[in-house]
Every structure is written in structure tokens, then in C-alpha cells.
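First the structure, in the form of C-alpha cells, and then the observations on it.
The values are calculated or read from the model by the stated rules, or taken from the named source; none is laboratory data. Source: prediction; values computed, not measured. Methodologically, a virtual Cβ is constructed for each residue, glycine included, from the backbone with ideal geometry; neighbour enumeration extends over all protein chains shown.
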Amino acid sequence: MAGLFISFEGIDGSGKSTQAKLCFDALVQKSIPSLLTREPGGEVIAEKIREILLYSQDEVLPQTEVLLYAAARSQHVRKVIEPALAEDKIVICDRFVHSSIAYQGYGLGVDQESIWQINRFAMGNIFPDIVFLFDLSVDAAQQRSQERAQSRESLVNSEKSKRDRIEARSFEFYQKVRNGFLEMAKDPRVKILDATKTPEAIHDEVISIVCQVYQGGRNQ
């Protein structure tokens, strides 16, 4: 078995980043070799692209956004994800290609097949074995994001204190993004989780699925 690749997806405020960290911590406690990473970012050059994508004061066109995400992903896959999988690790990634389809495709209206083609080149043969989709209404997600933004006000000189241009987009945009994620959930690799449940209950579901798939692969 050449590792296991898991992506955590959902609209901003769905709790996916929290669940990715909880999953990673649980695997470490079980002494299972694991890596926690994120997109855009996860690698030196990819992190520089992240800065442009999230915090640029200049307009980033939708098509440019697609290409920048794909460029960061290409670097991330080849420098970080692929080597970790070759070492038989479980790779936990906070966002991957499904976010590109949901945000730039469904959300911004860029041709989805074009996004897939660009990302097939960027990803090579790497694709998630499991995609966890944390589903939450846009109303609830935006309420969480507002509460999180208020807590950021006390943070100084950190990324979290900066204004994220993606998070600032409209309710209608996020409704399209959520619908896009749910449409992609027709793929059996996508596991929809109710993000209104307690973090503990969601984590139990996540770790149960991960361990089942991981042990199943080991026993083949």
C-alpha cells in the first residue's frame, strides 16, 4: 500500500480545518505515520502563491485564480504529497482539487472541464482516496466566520489577522459553492458529514472511516 491521501473539503466556516487537525493528532497518537498539510500552500513556493490568492490588493481574475491554484497544487503535490505517500504515510490535506471546482467552477462560473484539465496536469496521478465534505448551510457558516473574524481582531502581525478576499465573497457565491460540493458528492469517494454535529461526534465519524480504509488497505 502506497500511503493514503485524504482531503478535507467544505465552505469556509464548515469546520474542516479543525477536523483535519483532530484527525492528524489522532493518527499520531496511534503511531500511524501521517502528514498534515493545506492548500493553497503546504510548500515554500505554494505558500507564496497563497499570499497572492488570499490577500492580493489588486484584482485577481477568475481565470488567473484557476491557474494560480493549479500552480500551487503542482508544486505541493510533487514536493510534499507524492513523497509522503511514497513513504506510506497518511496525507491529510485541508482542501484539494474539489475546492477548485467548487469555488472557481460553480462559484465564479469558470468552465469546469477546463479546470479539471488544468488540474489533471497539475496533479499527475495523485488524487484523494477519501474526500470528507463537511456540509453546513451558508447562513450557519457565515455566522461562524463572523465569530471567528471577531476573535482575530486581537491578533497582530499574523496571517489570521489579515482580510481573506475569498471569505469576503457574497452569500450567493457561497450558495453556489455549497451546491457544487454537494453535486460532486455523487462520487463514492466523497463522504458527506453533517457539520452541525459536535466536533467530537464528527471526529469519531472521520477517524472511524480513515482507520477502516487504512486497515483494509493494509490487509490486502
Just one listed residue, out of Ile130, Ile126, Ile115, is buried (at least 17 other Cβ atoms within 10 Å of the Cβ), closer than 12 Å to Gln63 by Cα, of a type in the set (Val, Ile, Thr) and within 17 Å of the chain's Cα centre (by Cα), and it is Ile115
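Working only within the stretch 162-193, note down all residues that are in a helix (DSSP H, G or I) and more than 26 Å from Glu205 (Cβ to Cβ). Even if it seems obvious, please write down each step before you answer.
Taking the stretch 162-193 and keeping what is in a helix (DSSP H, G or I), we get 171-184.
Listed by number, the residues that qualify are Phe171, Glu172, Phe173, Lys176.
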In the stretch 151-192, residues that are more than 26 Å from Ile52 (Cβ to Cβ) and modelled with pLDDT under 75 total 1
Is it true that some residue in the stretch 73-83 is hydrophobic (A, V, I, L, M, F, W, C), surrounded by fewer than 15 Cβ atoms within 10 Å (Cβ to Cβ) and free of Cβ contacts under 8 Å to residues at least 60 places away in the same chain? no
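Here is a yes/no grid of residues against (1) farther than 15 Å from Arg165 by Cα; (2) charged (D, E, K, R):
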| site | (1), (2) |
| --- | --- |
| Asp12 | no, yes |
| Leu35 | yes, no |
| Val44 | yes, no |
| Lys48 | yes, yes |
| Tyr69 | no, no |
| Ala84 | yes, no |
| Ile92 | yes, no |
| Arg95 | yes, yes |
| request: Assess whether Gly109 counts as being buried (at least 16 other Cβ atoms within 10 Å of the Cβ) and either outside any helix (DSSP H, G or I) or acidic (Asp, Glu) (or both). | output: no
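Just checking, which of Val66, Val97 is surrounded by 23 or more Cβ atoms within 10 Å (Cβ to Cβ) and under 16 Å from the mean Cα position of the chain (by Cα)? Working first, answer last.
On the way: Val66 fails: surrounded by 23 or more Cβ atoms within 10 Å (Cβ to Cβ).
From the options Val66, Val97, the qualifying one is Val97.
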Filtering the stretch 55-72 down to residues that are without any contact (Cβ under 8 Å) to a residue 40 or more places away in the chain and among the β-branched types (Val, Ile, Thr) yields Thr64
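For the stretch 1-24, which positions are farther than 15 Å from Leu193 by Cβ and assigned to a loop (DSSP other than H, G, I, E, B)? So that I can check it myself, show each step before the final result.
If we filter the stretch 1-24 for residues that are farther than 15 Å from Leu193 by Cβ, which is where we start, we get 1-5, 12, 21, 24.
Within the stretch 1-24, Met1, Ala2, Gly3, Asp12 meet the criteria.
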Flagged pairs (Cβ under 7 angstrom, 6 or more apart or on separate chains; first in the stretch 43-54, surrounded by 15 or more Cβ atoms within 10 Å (Cβ to Cβ); second in a helix (DSSP H, G or I) and of a type in the set (Ser, Thr, Tyr)) are Leu53/Tyr69
